[in-house]
Structures are given as C-alpha cells and as structure tokens.
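To start, the structure under review is shown below, and the notes come after it.
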Amino acid sequence: MAHPDDVDFGAAGTIAQWTDAGIEVTYCIVTDGDAGGFDPAVPRSEIGGIRREEQLAAAKQVGVSDVRFLGYPDGRLAVTFDLRRDIARVIREVRPRRVVCQSPQRNMLRIPASHPDHLAAGEAALCAIYPDARNPFAYPELADLPAWSVAETWVQGYEKINRYIDVTDTWDRKIAALLSHASQIEFPDQLDERMRMWNGANAAAAGLPAGRVAEGFWVFDTA
C-alpha cells in the first residue's frame, strides 16, 4: 500500500478474518505518509514517525504484527525500478500466496481511491508480482533471495469488483484500526457512518441483507 491507513480503509475487515483463521499477514507500506495530516501545529518533520506508529497500532487491531516500511516520500511516488525491486524483495522474503495491492488504474467513480501514489504503488506491486519476484535473473542484488510466484492478487480501489467479503463481524476492529490513524481522522465521530455508507453499498451490490457491510476486491490468478 502507498500510505499508512490505505490498507485499513480498503481491507482491514477482511484481514481480521484472515488472521482469525490463522493466516499470517505482512504489511508493506511504501511511504511514511509524511505529506498527510490536517493539524498545522504538528511539525512536518514529525508526521512520518507519527504515521508509522499509528500504522503499527492499527495493524495490531486486526492481528498483524509484521509491518514493513519502504520509506519512499509521500506525494512523490513513481513507478521506478528501485520501487519495483524493493517490493519484489519483500515478496521474495515473505513468500506470500496472496498479495493485496491498490489499483494502478484511476477510479472515475471514487476519486479518493486514485491518489497518484496509490496508482504508482499498485502498478509497481503488479510489476513486482509479475515478472520481477518470480524471475530469478531480475535484479542481481536480489540473487540471494529465491524467486517466488504469487498465486493470486487482490486489488482494492478498482472500479470493477468480483469478490465481496462480508466484514460485518469484524467491523468494530476495522473501525478501531482506522481510528488508530488519529493524525488523519479529523472528525472521528463521523467515521463509522461514512464507512458504513461505502461498505454498505458494497454489501448491497453483493446481495447481502440490509445492515451488512462488505469490502470489495478484484481477484485474479497470478500463479
């Protein structure tokens, strides 16, 4: 994910279900989110560290303890060979069966999902999944890490959805994870209502009963 909190907005409820089922989850956060926040009284030099700590706290809410930060500058992310290599390195180290990433295509229906950093992180992640992480001859500096093929990829923030996950039972933990990002949530008392509107629409599209909430992904085979 491009920023701290991106994974929590898009997938925290699903991830809580995975960890409850015994699945090990690793977060890879590309930037420190140092261009975020809303309070001018907080020195810019402190934002990156604050957001790292908030992401660590949010991860704990959904059972994730392995959080890796790549340290790229917020707001200036580009699809470079360095970024592709660094994501491929994490894939080779972790050897995941499944990767959740952001969409590399702009969502014309919901512009906040299409921050330029999101698009760059999504494209770099997909390049790292194929071909970088699986090609043993890509990036000689990664030669000590065996190549790895990711079996399936879940994309969040894309206009199309082919997999809905009912997250009603893990909703409180998703909201707790989001509230951990205190430097980003200017009106915390409005967060639950706003998120229920978005995720309730997903649930309705999935044909779930009224009152349910769901997260949506585009899931495809990348083995």
Checklist outcome for this item: Each label sits 7 Å from Cα toward the beta-carbon; between Tyr130 and Arg163 the label points are separated, in nm, by 1.5 nm
Checklist entry - Which one of Pro146, Pro188, Pro209 has the biggest mean-square fluctuation once the chain is modelled by GNM with Cα springs under 10 Å? => result Pro209
Item to check | Dipole moment magnitude, nearest 20 debye, the chain about Cα centre, only Lys, Arg, Asp, Glu C-beta charged | outcome: 580 debye
Checklist entry - What translational D, rounded to a whole number of µm²/s, comes out for the stretch 124-210 from Stokes-Einstein when the hydrodynamic radius is the Kirkwood one over Cα pairs, at 10 °C and 1.306 mPa s? => result 97 µm²/s
Next on the checklist: Can you give me the C-alpha center-to-center distance between the stretch 142-201 and the stretch 57-79, rounded to a whole angstrom?
Outcome noted: 13 Å
Next on the checklist: Using just the Cα positions, wrap the chain in a convex hull and report its mean projected area in square nanometres, one decimal place.
Outcome noted: 12.0 nm²
Checklist outcome for this item: Comparing Val25, Val99, Val42 in a Gaussian network model of the chain (Cα, 10 Å), the one with the largest mean-square fluctuation is Val42
Checklist entry - Counting Lys +1, Arg +1, Asp -1, Glu -1, what net charge surrounds Glu141 among other residues with beta carbon under 14 Å of its beta carbon? => result -1
Next on the checklist: Suppose R0 equals 30 Å. What FRET efficiency, 1/(1 + (r/R0)^6) with r the Cβ-Cβ distance, do Arg68 and Glu193 give to the nearest 0.05?
Outcome noted: 0.40
Checklist outcome for this item: With the charge dipole of the chain built from beta-carbon charges (+1 for Lys and Arg, -1 for Asp and Glu) about the Cα centre, the Cα from His181, Pro73, Ile91 projecting farthest to the positive end belongs to Ile91
Checklist entry - Out of the DSSP beta bridges found with both residues in the stretch 84-223, what percent are antiparallel (nearest 5)? => result 60 percent
Item to check | Residue order, fewest to most surrounding Cβ atoms within 10 angstrom, among Lys60, Lys174 | outcome: Lys60, Lys174
Checklist outcome for this item: If the chain between Asp20 and Thr80 were fully extended at 0.36 nm per residue, the gain over the current Cα-Cα distance would be 18.0 nm
Next on the checklist: Could you work out the pair-distance distribution P(r) of the stretch 80-166 from its alpha-carbon pairs, with 5 angstrom bin width and percents rounded to whole numbers?
Outcome noted: 3, 16, 24, 20, 16, 12, 6, 3, 0
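Here, each number is a calculation from the coordinates, and none is a lab measurement. Since the structure is predicted, the reported quantities are computational estimates derived from the model, not experimental observations. Here the Cβ is made from the backbone with ideal geometry for all residues, glycine too, and neighbour counts use every protein chain on show.
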